[in-house]
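Written out below as structure tokens is the structure these notes cover.
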Amino acid sequence: MIGAAGRMRNLQESSIAAMTVRCQELGAINIAQGLCQVPPPPSLLAEGARDFRDFDHSYSAPGGIAVFREAVADKVKKYSGLDVDPATQVVATVGATGALMATLTALLDPGDGVLLFEPFYGNYPTALAVLGLRPEPVRLIGPGFEVTEETLRSAVTPHTRAMIVCTPNNPSGRRLTTAELMAVSAVAEERDLLVITDEVYEDIYFGPEPHVAPATVGDLGRRTVTVSSLGKSFSVPGWRLGYACGPERLMNAVRVAAESLVVCPPVPLQELGARALRLNDDYFRGLRAMYDRKRRMLAEGFAAAGLSPNEPDGSYYLFVDCSPLGVATGAEATEVLLQRCLVGTVPGESFYLDPPDRPYVRACFSLPDEVIADAAERLARGV
Ligand SMILES: Cc1ncc(COP(=O)(O)O)c(C=O)c1O
């Protein structure tokens, strides 16, 4: 009988999508899914409406149109300090997801092990399973979720060929420090590992220290494919526009894989995306100030409910230890918050291969202020 392929059999839709359905049924506020519900820059929308007809509407070259690749290279140089040749080292992709899939497809073989730092973005294990790759957890312990050489070394197996490093992290909100990235560099060098970074939240960080691109630390540049997206930085996840960049010898294969997967991301959006990437510093400062305000509003709601959320230093999530609720798991905590407060969150279990050390839930603050205020009030009243 025809049916799902063997490697797909244990895969399910994410629990985050299921929570969205339950919230709709119960009339609850959904702060679970990282949908990004803030408006894109108005200037960009106006330009799109004005110029759409004049954009190229055919396929682009494998790797993307030149203006997009040049805009990526310039932004990466300006904010991350990395030199990348737009012609040979940048590949335009369908979101960061497309960049991750193309990179994994291009540079790894079925059966290869990939280290995932727990807690991780829930799509990683699914992506690995789809490609026949082996997820290998590196358990990080909250509230610090610190990466050390010892933790990394003890997670490496004879199958390990790569690791995915997400900074700023979804869901923990942690940004890896230069010292932690040096540890990554040391172990990657020792075991000759490919490093794939996921930097989709690179422009959303809090505090004076700018984002540190892993490829700028130690020897990581020569073994790292940097993945990012326009979705979070410009509040346009539906444009499905992202990119990968790295050493030419790796990017040649990534370009072939990206082309075979989807040919290229939508060309008119590459044109607009190039303009977005060139928005000035004020835009990025404003983005951070907006998210800083939103994270405080939501954190105050959790604090008023007797829960102490972590203070994220990047991304747009709170990762909340719900032990004070007297629950044993994130799934129970999610249920309590849903039933008592009519607020939908994501159980921490969604971000781990094995049960987490504490009953965590993740809450998203990429929402309109009034929704966050309502959620904060319900939390304070309900718990
Ligand atoms: C850590 C992380 N990586 C990748 C993605 C997906 O990015 P894109 O929409 O650009 O494919 C997300 C989206 O939530 C994310 O949180």
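The values are calculated or read from the model by the stated rules, or taken from the named source; none is laboratory data. These numbers come from a predicted model, not from an experiment. Virtual Cβ from ideal backbone geometry, glycine too; neighbours counted across all protein chains shown. These accessible areas exclude ligands, DNA and RNA; they are computed on the full protein's heavy atoms, side chains included. Shrake-Rupley method; radii C 1.70, N 1.55, O 1.52, S 1.80 Å.
Going by the structure shown, is Tyr205 open to solvent by 10 Å² or more (accessible area, probe 1.4 Å), closer than 16 Å to Leu353 by Cβ and touching a residue at least 12 places away in the same chain (Cβ under 8 Å)? Criteria not met by Tyr205.
Every residue, every condition in (1) in a strand (DSSP E or B); (2) within 16 Å of the ligand (Cβ to nearest atom); (3) touching a strand residue (DSSP E or B) at 6+ places or on another chain (Cβ under 8 Å); (4) outside the structural domain of Lys232 (by TED's automatic domain parsing), yes or no:
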site: Met1; (1), (2), (3), (4): no, no, no, yes
site: Gln12; (1), (2), (3), (4): no, no, no, yes
site: Ile16; (1), (2), (3), (4): no, yes, yes, yes
site: Thr20; (1), (2), (3), (4): no, yes, yes, yes
site: Glu25; (1), (2), (3), (4): no, no, no, yes
site: Gln33; (1), (2), (3), (4): no, yes, yes, yes
site: Cys36; (1), (2), (3), (4): no, yes, no, yes
site: Leu45; (1), (2), (3), (4): no, no, no, yes
site: Gly48; (1), (2), (3), (4): no, no, no, yes
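Inspect region 17-27 for any residue being at pLDDT 90 or above and within 22 Å of Lys294 (Cβ to Cβ) and give the result as yes or no. There is at least one residue in region 17-27 that is at pLDDT 90 or above and within 22 Å of Lys294 (Cβ to Cβ).
The set of residues in region 253-262 being of a type outside the set (Asp, Glu), under 17 Å from Gln89 (Cα atoms) and open to solvent by 40 Å² or more (accessible area, probe 1.4 Å) consists of Arg255, Val256.
Within region 280-316, the set of residues being open to solvent by less than 40 Å² (accessible area, probe 1.4 Å) and not in a helix (DSSP H, G or I) comprises Ala305, Leu307, Pro309, Asn310, Pro312, Gly314, Ser315, Tyr316.
A quick yes/no check of all residues on (1) within 21 Å of Asn169 (Cβ to Cβ); (2) out of contact with any helix residue (DSSP H, G or I) (no Cβ under 9 Å at 6 or more places or on another chain); (3) in contact (Cβ under 8 Å) with a residue 40 or more places away in the chain:
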site: Gly27; (1), (2), (3): no, yes, yes
site: Cys36; (1), (2), (3): yes, no, yes
site: Leu44; (1), (2), (3): no, no, yes
site: Leu100; (1), (2), (3): yes, no, yes
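Region 95-167 holds strands (runs of 3 or more DSSP E) entirely within its bounds, and those carrying 2 or more residues that are open to solvent by 10 Å² or more (accessible area, probe 1.4 Å) map to 134-139, 160-166. Within region 330-341, does at least one residue satisfy the condition of being open to solvent by 10 Å² or more (accessible area, probe 1.4 Å) and under 26 Å from Thr167 (Cα atoms)? Scanning region 330-341, I find at least one residue that is open to solvent by 10 Å² or more (accessible area, probe 1.4 Å) and under 26 Å from Thr167 (Cα atoms), so the answer is yes.
Residues in region 105-126 that are more than 12 Å from the ligand (Cβ to nearest atom) and under 18 Å from Arg240 (Cα atoms): there are none. Taken over region 183-215, residues that are at pLDDT below 95 and under 13 Å from the mean Cα position of the chain (by Cα) amount to 0. In region 270-287, the residues that are touching a residue at least 60 places away in the same chain (Cβ under 8 Å) form Cβ pairs under 6 Å with partners that are in a helix (DSSP H, G or I) and among the aliphatic types (A, V, I, L, M), at six or more places apart or across chains, as follows: Ala274/Val67; Ala274/Ala71; Ala276/Leu44; Leu277/Ala71; Arg278/Ala71.
Within region 234-243, one or more residues are of a type in the set (Phe, Trp, Tyr) and not in a helix (DSSP H, G or I).
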